[in-house]
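The values are calculated or read from the model by the stated rules, or taken from the named source; none is laboratory data. What you are looking at is a predicted structure, and each value in this text was computed from that prediction instead of being measured. Here the Cβ is made from the backbone with ideal geometry for all residues, glycine too, and neighbour counts use every protein chain on show. Only protein heavy atoms, including side chains, enter the accessible area calculation; ligands, DNA and RNA are left aside. Shrake-Rupley method; radii C 1.70, N 1.55, O 1.52, S 1.80 Å.
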Amino acid sequence: MEINLSPKLAKKVYGGDGGSYFAWSPSELPMLREGNIGAAKLALEKNGFALPKYSDSAQVAYVLQGTGVVGIVLPEKEEKVLPVKKGDAIALPFGVVTWWYNKEDTEFVVLFLGDTSKAHKRGEFTDFYLNGSNGIFTGFSTEFVGRAWDLEEDVVKTLVSKQSGKGIVQVSGANLPEPKKEHRDGMTLNCEEAPLDVDIKNGGRVVVLNTKNLPLVGEVGLGADLVRLDGSAMCSPGFSCDSALQVTYIVRGSGRVQVVGVDGKRVLETTIKAGNLFIVPRFFVVSKIADPEGLEWFSIITTPNPIFTHLAGSIGVWKALSPQVLEAAFNVDSATEKLFRSKRTSDAIFFPPPN
């Protein structure tokens, strides 16, 4: 059965004066369900407050725009309140409770990508709010809540019903905790400021998020990377050789992408732009070429320490194969094989535009 791999934009699920929550649906992007991947975005306006919640999926959050505050409570741990900004990646394991707040004029936007293999619905996140009109405790009787919290019935009714908002509210003048920079340690990594794993002049740059620079991703079970491709540059054709899926969100710019699968069939050829999300199936080969303004994307890979095989450049598998094998495989003479081997001799996965 053929699966539609076309990139999609997120659609609004709910929201109000404080901001909005968007998600990608498996009905429009079937690879979400096939790959057990969830994807969503949170956009908070000034004084927007995303109420405390936990999810049925481990996730990696990535700040796409603005600055804000996130409160994080790991199971049986004290609350950490982090200042976060554009480029920050945050690992959110199972059971973590989070809240998000934007006190600035600029919209604060966060991307969430995660594993839904243990979720209630494959390809979707289900969130459980602690407060609000859809909060967990609206479902319990006053008696149960009163005994759990050791409070009188009238106080319980106030606590449970006073917050009439759902998911996201606006809290002008709220006295929320001040973030602490030291709480960032071990919880987040700024992919725009971290040491580069790949840096090719006029080609592109990569920062890889893994258990070495953010150990908490080991608990999430996902790796990630931020790739910035210069104008008209190309990203080498390659595939994940450890059976991982690649889930890619276009952060900035535009370009073209091709994906090739079984029996050399091109299964995707399209233009990609900011806001698009698409998924590359296991072992399928993908390559991208940026438009003149460049192309930037953030991806998760469904393993905490991904390994890729490239099919071009000096680190590509072609250069590792012996000349005799290439002559036989391509059915060409030695002169053609030598010409092929002489190209792309640099240690690169990004190729600048031709002169």
Derived scalar couplings ³J(HN,Hα) [segment 163-180; Karplus, 6.51 cos²θ - 1.76 cosθ + 1.60; whole Hz; x for Gly, Pro]:
7, 8, x, 10, x, 10, 9, 10, 10, 4, x, 5, 9, 7, x, 6, x, 10
Test of understanding: given the chain, find the longest segment containing no chymotrypsin sites (Phe, Trp or Tyr not before Pro) that are in a DSSP loop and have at most 15 other Cβ atoms within 10 Å.
141-282
Tell me, what is the 1.4 Å probe accessible area of Arg341, in Å² to the nearest 10?
60 Å²
Taking the simple approach of a point 7 Å from Cα along Cα-to-Cβ for both Ser6 and Gln65, what is their distance in nm?
2.5 nm
Once the principal axes of the Cα atoms of segment 191-351 are found, what is the range along each, listed largest first in whole angstroms?
49, 35, 31
Give me the 1.4 Å probe accessible area per residue for the chain, excluding ligands and nucleic acids, in Å².
49 Å²
Once phi is turned into ³J(HN,Hα) by the Karplus curve 6.51 cos²θ - 1.76 cosθ + 1.60 with θ = phi - 60°, what whole-Hz value does each residue of segment 186-192 show in order, with x for glycine and proline?
x, 10, 8, 9, 8, 6, 7
At R0 = 51 Å, FRET efficiency that the Cβ-Cβ distance of Glu78 and Thr336 yields, to 0.05:
0.20
Which three numbers, in whole Å and largest first, are the semi-axes of the equivalent ellipsoid of the chain derived from its Cα gyration tensor as √(5λ)?
44, 20, 18
State the percent of C-alpha pairs, over all pairs in segment 153-198, separated by a distance greater than 15 angstrom.
72 percent
Tell me, what HN-Hα J-couplings in whole Hz come from the Karplus equation 6.51 cos²θ - 1.76 cosθ + 1.60 at θ = phi - 60° for each residue of segment 219-236, using x for Gly and Pro?
6, 7, x, 10, x, 7, 8, 10, 10, 10, 9, 5, x, 6, 7, 10, 9, 3
Between segment 1-76 and segment 240-305, the alpha-carbon center distance in angstrom:
19 Å
Segment 3-127 - percent of accessible surface contributed by carbon and sulfur, probe 1.4 Å
47 percent
With the crude spin-label approximation of a point 7 Å out along Cα→Cβ, what separation in nm comes out for Thr126 versus Asn213?
3.5 nm
Amide H of Lys166: which non-local residues (sequence gap of 5 or more, or other chain) have their own amide H closer than 5 Å, using H built in the peptide plane?
Ser133
By how many nm would the segment from Arg252 to Gln324 lengthen if fully extended, with 0.36 nm per residue of separation less the alpha-carbon distance?
21.6 nm
Lys103: which aspartates and glutamates have alpha carbons under 18 Å from its alpha carbon, excluding same-chain residues fewer than 8 sequence positions away?
Asp17, Glu45, Asp88, Glu178
So, in nm, how far is label Asp263 from label Trp149 when the simple model puts each one 7 Å beyond its Cα toward the Cβ?
6.2 nm
What per residue convex hull volume, in Å³, comes out for segment 8-128 when only alpha-carbon positions are used?
96 Å³
Whenever you get a sec, compute what percent of the accessible area on segment 191-351 sits on carbon and sulfur atoms (1.4 Å probe).
54 percent
From the square roots a ≥ b ≥ c of the eigenvalues of the alpha-carbon gyration tensor of segment 179-243, which class results: rounded (a/c under 1.5), prolate (a/b over b/c), or oblate?
oblate
